[in-house]
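Q: First the structure, then my questions, so here it is.
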Amino acid sequence: DLGLVGSLSYRNTFGATNEGGNAFYTISGPNDRSLGAENDLTLGTNVGSQSVLWGTMAKASLKLFKNHKVSLNYLHNNSGDSLSRILNGIKPANTTPSYRSISVNYYERALDVFQLNGESVFGPLTVDYIGSLTTSSQNHPDQRLAAYRTDGGEFQFDQSEQLIAQRFFRQLQDQSADAKLNFKYDFNLGGNTGFVKAGGSYTQRTRVFTQCVFNYESEELRQAVDRIGWD
């Protein structure tokens, strides 16, 4: 006998908002009674996002004769998220220039699971087994962040203002392998029934992580903007 079953799912959602903000506060000294605002990026906020989630599942089961059966399972899930954000605001200590922060971000996650299990009966001896392989990943391919100030309509990339320009890459790969084998022996001794069971298992896990960050100097950014003609 052979049995098959499967399913597929998909979801795609969008979001947008023009409300919210991002502010930073500090305490200048041990005698301060209140927080002082360093950045107040709440004058204008625009955020857009898209999320995609899809997955599939499949299973095949085979029964060989009466006392032998085996099945194979597979599961896959994948998600991706895109996010873009623009923050505008001022520094309370210096209200003349305005500040803007722009970020573009995408990351995805994936999961794959393969599983094989079965059972065989040889008279009083029962053998069952299971083996699985699981792989998961997280991928952050290119996060871009730029922050600058505008003074009189001119862009200024000034690191003394702690304005960050950065590109960020990250990848994580995780793999896990598992195997189990069990033996069960039923017996009848002096009219009393019982069984003896023994087995073993094996697990192996590996993980690989890479990350790369590029920080851009203010003068290099200024030259790049001049070449692009961004205004």
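Q: Could you tell me the accessible area of residue 176 in Å² (1.4 Å probe, neighbours in place), rounded to the nearest ten?
A: Solvent-accessible area, nearest 10 Å²: 20 Å².
Q: Mind checking which lysines have their Cα closer than 26 Å to the Cα of residue 180? Skip sequence neighbours fewer than 8 apart in that chain.
A: 59, 63, 66, 69, 197
The values are calculated or read from the model by the stated rules, or taken from the named source; none is laboratory data. This structure is a prediction, so every number in the text was calculated from the model and none was measured. Heavy atoms of the whole protein, side chains included, go into the accessibility calculation; ligands, DNA and RNA do not. Shrake-Rupley method; radii C 1.70, N 1.55, O 1.52, S 1.80 Å.
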